[in-house]
Amino acid sequence: MGKAKQVKQTRAHVARLELSAAQAAVLDGQAHTARALWNLLHEYVTFRQGRLATVKECDEAIRAARCEIDWMGQLPAQAAQAVLKTYRQAWANFFNPDHPAQRPTFKTRLRSRLAVDVPQARDLRIKRVNRRWGAVNLPKVGRVRFRWTKDLPGLTKSGPAGKITGARLIKGTFGWQIVFRTQTMAAAVMDTHPGPAVGIDRGITVALALSDETVREHGPWLTGGEREHLRRLEKKSARQRAAHTPTQPTSHRLMRTYDQIARLRATAKRRALNWQHHTTTELADTFSVIVVEDLKITNMVRSAKGTIEHPGRNVRQKAGLNRAITGEAWGRTLTLLEYKTRDRGGLVVKVPAPGTSQTCHRCGHRDPASRDGTRFSCANLACGWSGHADTNAAINIRNAAGTAVSGRGDLGTARSAKRQPPRAA
């Protein structure tokens with residue numbers, strides 16, 4: 001028999017860097033230079049006379065800027081080329097009608113994430129130091145230790161076969177992290193997953209309700225003390241903003257309050273992501289086909305404020321619902337489910353969302369009055385089924401697997417009005 005065909009599989013692995021104060025300052029400078037280079041590219045491309053700049057012209061402009069501007073030299077040449085590549089890809093995503101990317105814009109100093117690319121793996125020279133730490137070379141920074149939490153492909157005998165193709169340095173709330181781009185080989189045709197099929201209803205009161213009448217729940221992402229601390233910090237920041245003069249720079253005290261708020265919110269996000277990883281791994285290991293609703297989450301979390309002529313109603317209640325939906329991160333749960341299920345030979349199917357929570361799974365009778373909070377009681381007297389509303393919805397989702405929609409929904413072929421090429425000045 002011939003050898004099974006294999007395909008390349010790309011993944012990312014995030015690790016925490018252990019930097020000295022001097023090394024962190026160097027990385028900060030490189031990241032701000034990369035942001036400034038992005039802004040210069042955006043101005044060069046969109047404000048030219050007559051036509052847009054080509055890739056060759058942008059590359060020549062970058063080389064000239066590195067020779068003429070002293071502080072441009074602190075960004076490695078390969079990282080500067082990566083900024084150009086990322087910028088061009090941003091425009092390609094914008095012009096793709098099936099991609100949700102917005103039009104590229106200028107990056108501000110306070111609202112943009114600091115990041116530096118290391119596109120070539122040969123510059124990294126990764127080595128494992130001991131059981132808990134590894135070491136990596138960063139251009140113009142030096143040798144840096146990083147937290148070793150799993151074996152990287154191609155580096156250890158016990159690790160998976162493959163290689164590191166590059167890395168990206170990202171500064172988060174808790175400091176700098178390195179994101180390794182890994183490449184491994186996987187079978188083109190996976191063995192069929194032997195598990196059963198299941199429908200999943202994503203909610204707020206119950207995080208995940210399954211059609212087998214089980215649920216996957218979690219507690220609050222922050223403890224009571226942490227939530228109270230966050231509330232006090234938000235009130236403190238409101239007082240500091242009220243005393244701030246708009247034309248003056250932001251005070252160090254207000255920035256320190258913002259940092260404390262960001263750390264608490266980042267803690268909540270890390271706990272949520274940890275729960276999502278554990279839960280989605282367990283679901284992907286157990287079930288062969290996972291059926292979910294094709295939710296338009298962006299539409300669901302729109303504000304209810306309305307306009308001056310037509311003000312909205314129940315605005316504060318809708319804002320609270322939007323925060324609850326955003327806190328559950330339904331889209332991230334689905335993203336994790338999709339690639340984990342695919343790696344195990346399973347399948348994630350999306351079905352139309354309307355009617356799943358108002359229809360009785362036993363008799364098919366649909367009546368909005370059948371649902372009262374988390375309780376579902378069929379309005380059809382001949383049926384009379386009653387039970388948990390989310391479980392009923394999950395069963396309907398599983399039964400609707402034959403009416404699957406595409407992964408991104410029916411976006412159509414027409415481009416929207418916002419997806420127009422940039423006009424030259």
What FRET efficiency would be calculated for the residue pair ARG109, PHE47, taking the C-beta separation as r and a Förster radius of 25 Å, to the nearest 0.05?
0.75
Using Cβ counts within 10 Å as a stand-in for footprinting exposure, how do SER211, SER377 rank, fewest first?
SER377, SER211
Separation between the TRP385 and ASP151 pseudo-spin-labels, each 7 Å from Cα along Cα→Cβ, expressed in nm?
4.8 nm
If a cysteine in the chain has no other Cys Cβ under 4.7 Å from its own Cβ, put it on the list, ordered by number.
CYS58, CYS67
Which of [x] -0.72; [y] -0.80; [z] -0.67 is the computed log10 I(q)/I(0) by the Debye sum over Cα atoms at q = 0.09 Å⁻¹? It is [y]
For every helix of n ≥ 4 consecutive DSSP H residues, a contribution of -39,500 (n - 2.57) applies; sum these over the chain, divide by its total residues, and give [θ] at 222 nm rounded to the nearest 500 deg cm²/dmol.
-12500 deg cm²/dmol
Suppose a student asked you for the relative contact order of the chain, using Cα pairs under 8 Å spaced at least 6 residues apart; what percent would you report?
17 percent
Compute the helix-to-body angle for 77-95: its Cα long axis versus the longest principal axis of the chain, expressed 0 to 90° and rounded to tens.
40 degrees
Out of VAL315, VAL129, VAL349, any idea which swings most in a Gaussian network model of the chain, alpha carbons joined below 10 Å?
VAL315
Between their Cα atoms, which of LYS56/LYS350; LYS107/LYS235; LYS107/LYS350; LYS85/LYS163 are more than 32 Å away from each other?
LYS56/LYS350; LYS107/LYS350
Once normalised by the length of the stretch 14-185, the mean sequence separation of its alpha carbon contacts under 8 Å that are 6 or more apart gives a contact order in percent of 26 percent
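Which of GLU57, GLU217 comes first, and how do the rest follow, when ranked by fewest Cβ neighbours within 10 Å?
GLU217, GLU57
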Tilt of helix 252-286 relative to the longest C-alpha principal axis of the chain, in degrees (0 to 90, nearest 10)?
50 degrees
Tilt relative to the chain, helix 224-242 - C-alpha long axis, 0 to 90 degrees, to 10
60 degrees
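Each reported figure results from applying straightforward, stated rules to the coordinates on display, with no laboratory input. Here the structure is a predicted model, which is why all the values come from computation and not from measurement. Reconstructed Cβ throughout: ideal geometry from the backbone, glycine too, with neighbour counts over all protein chains shown.
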